[in-house]
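Encoded as structure tokens, the structure appears first; notes follow it.
The values are calculated or read from the model by the stated rules, or taken from the named source; none is laboratory data. Since the model is a prediction, treat every value here as computed from it, not as a measurement. Every residue, glycine among them, receives a Cβ derived from its backbone with ideal geometry; neighbour counts consider all protein chains shown.
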Amino acid sequence: MKKSSDKNSRQKPPALRGGMGSGLSTVLITGSTSGVGLGIAKEFAKAGYSIIFNGLESNGEAIAKEIGKKYKVNTYFSPANMLIPSEISAMVDEGMSKFGSIDVLINNAGIQYVSQIEDFPSEKWNDIIGVNLTAAFYTSKAVWKAMKEKKKGRIINIASVHGLAASEYKAAYVASKHGLVGLTKVLALEGAPFGITANAICPGYVKTPLVEKQISEQSKAHNISEKDVINKIMLTKHPIKEFVCCESIGALALFLASDTASMITGTAMPIDGGWSAQ
């Protein structure tokens, strides 16, 4: 046998890079041009996945191209609005047309609003339920038929510790995340005969640009230091007094997308510094 053949035989098969065991896989991540979604996208890019980015940032396409260039993976950006079902369907159709399949769907897009019940604006309730929960239904529905035909697929919903426990002043957010955990369980049961798994990841506080803005705002509103905002307000329910990092969420999502996790489905996995253990 030629030495070149020996060398090739020892190389890692390209199919293993994507994690699904059948070639380089494609992942669609909603809300992936900033914060947690972008952190997840970077972990999947490192693993060799083709990535369909989504977000409302004006430079979303540039972000997708930058990640593609840095990690040498194929990327595509869709500006689909998660409140518009027709745009969600078009995003999935375009992604499938470009890459041939969507093997992993990560429903990450989410918004927040904090208010007492009596003052909670109706339009904020509708938007939060729409983006955080209803959009996940539409994206899952859009990829479902192809995943069933392929008899393989992964759906990962980025819920929250607020999908497992409640906090004051977050009626819509808590309701949407509890609903997302429930949707995850239904997807898991219906997907089981077809090799489709569905799981929810439930993070505690993650230090994203949005949270950093909240820290600054609460510091001014309560006339306390930003350090006190972090320790006395935000991380008060974290037994481990640290923020959850995006890389950890991405690593967990990457594992759930792998063949190794084929028997894990219908779960809501906390990654919250011990919050939900109390």
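Values computed for the structure shown
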{"read-out": "Complete set of residues in region 226-278 that are more than 26 Å from K46 (Cβ to Cβ), of a type outside the set (S, T, N, Q) and outside any helix (DSSP H, G or I)", "value": "H238, P239, K241, G266, G274"}
{"read-out": "Residues (part of a loop (DSSP other than H, G, I, E, B) and among the small types (G, A, S)) located in region 113-141", "value": "S115"}
{"read-out": "Residue satisfying condition, being modelled with pLDDT of 95 or more and surrounded by 20 or more Cβ atoms within 10 Å (Cβ to Cβ), within set G163, G182", "value": "G163"}
{"read-out": "Condition met for N126 (in contact with a helix residue (DSSP H, G or I) (Cβ under 9 Å, 6 or more places away or on another chain), free of Cβ contacts under 8 Å to residues at least 24 places away in the same chain, within 22 Å of A175 (Cβ to Cβ) and in the same structural domain as I158 (by TED's automatic domain parsing))", "value": "yes"}
{"read-out": "Boolean, K151 is at pLDDT below 95 and surrounded by fewer than 17 Cβ atoms within 10 Å (Cβ to Cβ)", "value": "no"}
{"read-out": "Qualifying residue in region 149-158 (condition: in the same structural domain as A188 (by TED's automatic domain parsing), farther than 12 Å from D103 by Cα and within 18 Å of the chain's Cα centre (by Cα))", "value": "yes"}
{"read-out": "Residue in region 193-202 that is polar (S, T, N, Q) and outside the structural domain of T267 (by TED's automatic domain parsing) present", "value": "no"}
{"read-out": "Qualifying positions in region 112-129 - modelled with pLDDT of 95 or more and within 22 Å of the chain's Cα centre (by Cα)", "value": "K124, W125, N126, D127, I128, I129"}
{"read-out": "Only listed residue being within 30 Å of T260 (Cα to Cα) and β-branched (V, I, T), chosen from I106, I111", "value": "I106"}
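A quick yes/no check of all residues on (1) within 21 Å of W144 (Cβ to Cβ); (2) touching a strand residue (DSSP E or B) at 6+ places or on another chain (Cβ under 9 Å); (3) touching a residue at least 24 places away in the same chain (Cβ under 8 Å):
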residue	(1), (2), (3)
A41	no, yes, yes
I67	no, yes, yes
K70	no, no, yes
V73	no, yes, yes
A80	yes, yes, yes
L83	yes, no, yes
